[in-house]
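Participant: Take a look at the following structure, please.
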Amino acid sequence: MKEQLSQTLRQTVADLIPGAPLGWSDLPESGGLRGFFLDQEAALRPLPADKVDLVMREPPFWTLLWPSGELLCRRLASHGQLVQGKTVLDFGCGCGLVAVAAKVAGAARVWAVDCDPLAILASRLTALENRVSVDVAENADQIDAVDLLLLADFLYDQTHMPLFYSLQARANEVLVVDSRLTELDLEGYSYLGTSLGHAVPDLDPHREFGRLRFWYRGSRGAEWKGFLGIPTPVAQGVHEC
Ligand SMILES: C[S@@+](CC[C@H](N)C(=O)[O-])C[C@H]1O[C@@H](n2cnc3c(N)ncnc32)[C@H](O)[C@@H]1O
């Protein structure tokens, strides 16, 4: 099964971007997670002119872990208690590694949803490689309610807003992590702050998109701030001895 999935994905990328291999990489600081990513050198090479349109039309987002996904995988490895026992939906899951990280961290059930059928194959493969079970689907139609909705580098595309409204209504908690979105002014959502992340492979050595922003809706804002590594300011006038 794993061999068949990896072969299909390798062939797809070889047809799309000649000379750009996919392979397994260990994700640093993630407790040993492994992802099936585009080769770092190939990822930075300019696309052949005759392939640009094709890649733009059907971008293979699943060939990398986006900056928000990278940060979530890292933090889930060290602060997994926030997802333990929870039902989690990773919507726009791409390669599926965030969903896998949530399951490894102790989530009771994890959905990995992406409209790209190749992302679905990649997520299945990633779950198999990391030896966890994740439910994958091309849409959220069959998902009634979840404890936590994760949107990692999904909401920067404003055309996703109608879908977002429908998804958030089914979740007790929502965490939006984004490397491109700068504002999310919605009732019930708190801006938590920023932290740093990078894609794997790293497509952004100058860190144009390295600063991630977080928004949260739910009752555990302080815990999520700790999860994300955002310092909590000490109240003015209060001095600890
Ligand atoms: C920028 S990628 C982020 C992938 C992943 N969350 C990460 O952090 O690595 C956005 C993903 O959202 C998916 N997507 C876009 N529109 C979608 C939709 N309407 N339903 C489900 N997935 C969608 C894309 O196929 C893509 O895999």
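Participant: Is it the case that some residue within the range 165-175 is among the acidic types (Asp, Glu) and outside any strand (DSSP E or B)?
Facilitator: Looking for residues that are among the acidic types (Asp, Glu) and outside any strand (DSSP E or B), one finds none in the range 165-175, hence no.
Participant: Could you tell me how many of the residues in the range 59-98 are part of a loop (DSSP other than H, G, I, E, B) and either touching a residue at least 24 places away in the same chain (Cβ under 8 Å) or more than 20 Å from Leu16 (Cα to Cα) (or both)?
Facilitator: 13
Participant: Right, something else. Take the residues in the range 212-227 that are in contact (Cβ under 8 Å) with a residue 40 or more places away in the chain and basic (Lys, Arg), then tell me which one is farthest from Leu149 (Cα to Cα).
Facilitator: Filtering the range 212-227 for residues that are in contact (Cβ under 8 Å) with a residue 40 or more places away in the chain and basic (Lys, Arg), the one farthest from Leu149 (Cα to Cα) comes out as Arg220.
Participant: Okay, moving on. Tally time: how many residues in the range 99-125 are under 22 Å from Arg75 (Cβ atoms) and either more than 16 Å from the chain's Cα centre (by Cα) or in a strand (DSSP E or B) (or both)?
Facilitator: Qualifying residue count for the region: 7.
Participant: Okay, moving on. Among the numbered conditions (1) over 14 Å from Ala122 (Cα atoms); (2) modelled with pLDDT of 95 or more; (3) surrounded by 17 or more Cβ atoms within 10 Å (Cβ to Cβ), tell me where Asp26 comes up short.
Facilitator: Result: Asp26 fails condition (3) only.
Participant: State whether the residues of the range 39-60 include one that is surrounded by 17 or more Cβ atoms within 10 Å (Cβ to Cβ), in contact with a strand residue (DSSP E or B) (Cβ under 6 Å, 6 or more places away or on another chain) and not aromatic (Phe, Trp, Tyr).
Facilitator: No, there is no match, as no residue in the range 39-60 is surrounded by 17 or more Cβ atoms within 10 Å (Cβ to Cβ), in contact with a strand residue (DSSP E or B) (Cβ under 6 Å, 6 or more places away or on another chain) and not aromatic (Phe, Trp, Tyr).
Participant: On to the next question. Testing Asn139 on (1) within 11 Å of the ligand (Cβ to nearest atom); (2) modelled with pLDDT under 95; (3) surrounded by fewer than 15 Cβ atoms within 10 Å (Cβ to Cβ), one condition comes back false. Which one is that?
Facilitator: Result: Asn139 passes all but (2).
Participant: Looking only at residues that are farther than 17 Å from Leu72 by Cβ and not in a loop (DSSP other than H, G, I, E, B) in the range 176-198, which one is nearest to the ligand (Cβ to nearest atom)?
Facilitator: Once the filter is applied, the top-ranked residue is Tyr191.
Participant: All but one of (1) assigned to a strand (DSSP E or B); (2) within 25 Å of Asn139 (Cα to Cα) hold for Thr12, so report the exception by its number.
Facilitator: Status for Thr12: all satisfied but (1).
Participant: Can you tell which of Leu150, Leu128 is in a strand (DSSP E or B) and in contact with a helix residue (DSSP H, G or I) (Cβ under 9 Å, 6 or more places away or on another chain)?
Facilitator: Matching residue, one of Leu150, Leu128: Leu150.
Participant: Looking at Leu167, Leu163, Leu181, Leu150, which is the one that is of a type outside the set (S, T, N, Q), surrounded by 22 or more Cβ atoms within 10 Å (Cβ to Cβ) and closer than 23 Å to Ala112 by Cα?
Facilitator: One residue alone meets the criteria, Leu150.
Participant: I would also like to ask the following. Return the residue satisfying two criteria in turn: it lies in the range 142-159 and is over 18 Å from Leu72 (Cβ atoms) and touching a residue at least 40 places away in the same chain (Cβ under 8 Å), and of such residues it is nearest to the ligand (Cβ to nearest atom).
Facilitator: Here the answer is Ile143.
Participant: Considering only residues of the range 210-239 that are touching an Asp or Glu at 6+ places or on another chain (Cβ under 9 Å) and in a loop (DSSP other than H, G, I, E, B), which is modelled with the lowest pLDDT?
Facilitator: Applying the filter and picking the extreme gives Val234.
The values are calculated or read from the model by the stated rules, or taken from the named source; none is laboratory data. Model, not experiment: these values are computed from the prediction. In this analysis, Cβ positions are derived from the backbone assuming ideal geometry, glycine residues included, and neighbour counts consider all displayed protein chains.
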